[in-house]
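One structure is given here, and the rest of the page talks about it.
What follows draws every value from the coordinates through simple rules; no lab data is involved. Just so it is clear, the model here is predicted, and its values are computed rather than measured. Note: ideal-geometry Cβ built from the backbone for every residue, glycine included; neighbour counts use all protein chains shown.
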Ligand code: NAI
């Protein structure tokens, strides 16, 4: 499905981003990974991608740093020729009840989840406009729709991502670029591994399909939105929640 296409995925050293990279590579896409981990951390991921016979490179890039974003995107385009697909997946949490949340904790989460998505989109859409083709998929969250106790920073950042998705869709629709979001529910990754058993049970009791989601569940939805098959869909948010919040 993705032969001849190159996908840039942020935060793909592990978790959901890694599953997206593997899924797209398994269908023929070349893969560019941006993450803040040392390159050593991504070696296993790169080896896994190489097994599909695609080209894959890792760039250590903090997506909150506009100069680093511009320089690394430039380097990736030089190395790969073009980038067709951008998956804005990198994200962080710093959960606390609002009354205990510091200004720094609020800013840090908004900076990565929302500003980072803006910086990556701004830089890549310039390139995609020249090619008159682009698929942008943003990682939102169900809590960006519902809000969540203890996640004022995170849920606001993801609500922002949804609004940014709709705006990007409108601004670039005439240039062959679509932009959609995926809103996962409770997915089994490093981000959720830190939750207490009680918090995990509370989530599980709200999931109609009675299981937590896997990174692959999310990757399947992203692959559809990143494909040519979704060309008449833009500005949408697909929930991947096992029915939670439906
Ligand atoms: P994760 O913590 O396993 O992976 C996130 C990746 O983003 C890490 O590799 C991290 O190094 C990278 N990253 C963090 N800050 C960065 C920065 N400034 N620049 C570049 N890379 C950076 O988390 P997970 O669970 O795989 O989450 C991926 C996305 O899915 C996030 O946007 C998260 O908010 C979203 N999500 C996750 C859910 C879950 O239940 N795990 C539910 C809903 C949304």
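Computed quantities for the displayed model
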quantity	calculated
First in the stretch 81-103 and over 23 Å from residue 199 (Cβ atoms), second anywhere and away from the ligand (no atom under 11 Å from the Cβ) and part of a loop (DSSP other than H, G, I, E, B), Cβ under 8 Å, 6 or more apart	84/5; 84/133; 85/2; 85/5; 85/29; 85/226; 87/226
Listing of helices (runs of 4 or more DSSP H) fully contained in the stretch 161-245 that carry 3 or more residues being more than 23 Å from residue 92 (Cβ to Cβ)	215-225
Condition broken by residue 42, with the remaining ones in (1) over 20 Å from residue 220 (Cα atoms); (2) in a helix (DSSP H, G or I); (3) out of contact with any strand residue (DSSP E or B) (no Cβ under 8 Å at 6 or more places or on another chain) satisfied	(3)
Members of the stretch 133-149 found to be over 13 Å from residue 166 (Cα atoms) and touching a helix residue (DSSP H, G or I) at 6+ places or on another chain (Cβ under 6 Å), listed by number	134, 141, 143, 144, 147, 148
Hey, residue 65 within 19 Å of the chain's Cα centre (by Cα) and near the ligand (Cβ under 10 Å from one of its atoms) or not	yes
Residues within the stretch 140-181 that are out of contact with any strand residue (DSSP E or B) (no Cβ under 7 Å at 6 or more places or on another chain), farther than 22 Å from residue 246 by Cα and buried (at least 22 other Cβ atoms within 10 Å of the Cβ), tallied	1
Set 7, 21, 12: member being touching a residue at least 60 places away in the same chain (Cβ under 8 Å), surrounded by 23 or more Cβ atoms within 10 Å (Cβ to Cβ) and within 13 Å of the ligand (Cβ to nearest atom)	12
Residues located in the stretch 68-121, provided they are outside any helix (DSSP H, G or I), more than 19 Å from the chain's Cα centre (by Cα) and crowded, with 17+ Cβ neighbours inside 10 Å	95, 101
Filtered residues of the stretch 150-159 (kept if within 13 Å of residue 115 (Cβ to Cβ) and more than 12 Å from the ligand (Cβ to nearest atom))	156
Number of positions in the stretch 204-229 that are within 18 Å of residue 174 (Cα to Cα) and surrounded by fewer than 17 Cβ atoms within 10 Å (Cβ to Cβ)	2
Residue, farthest from residue 11 (Cα to Cα), within the stretch 26-52, restricted to residues that are within 12 Å of the ligand (Cβ to nearest atom) and touching a helix residue (DSSP H, G or I) at 6+ places or on another chain (Cβ under 8 Å)	45
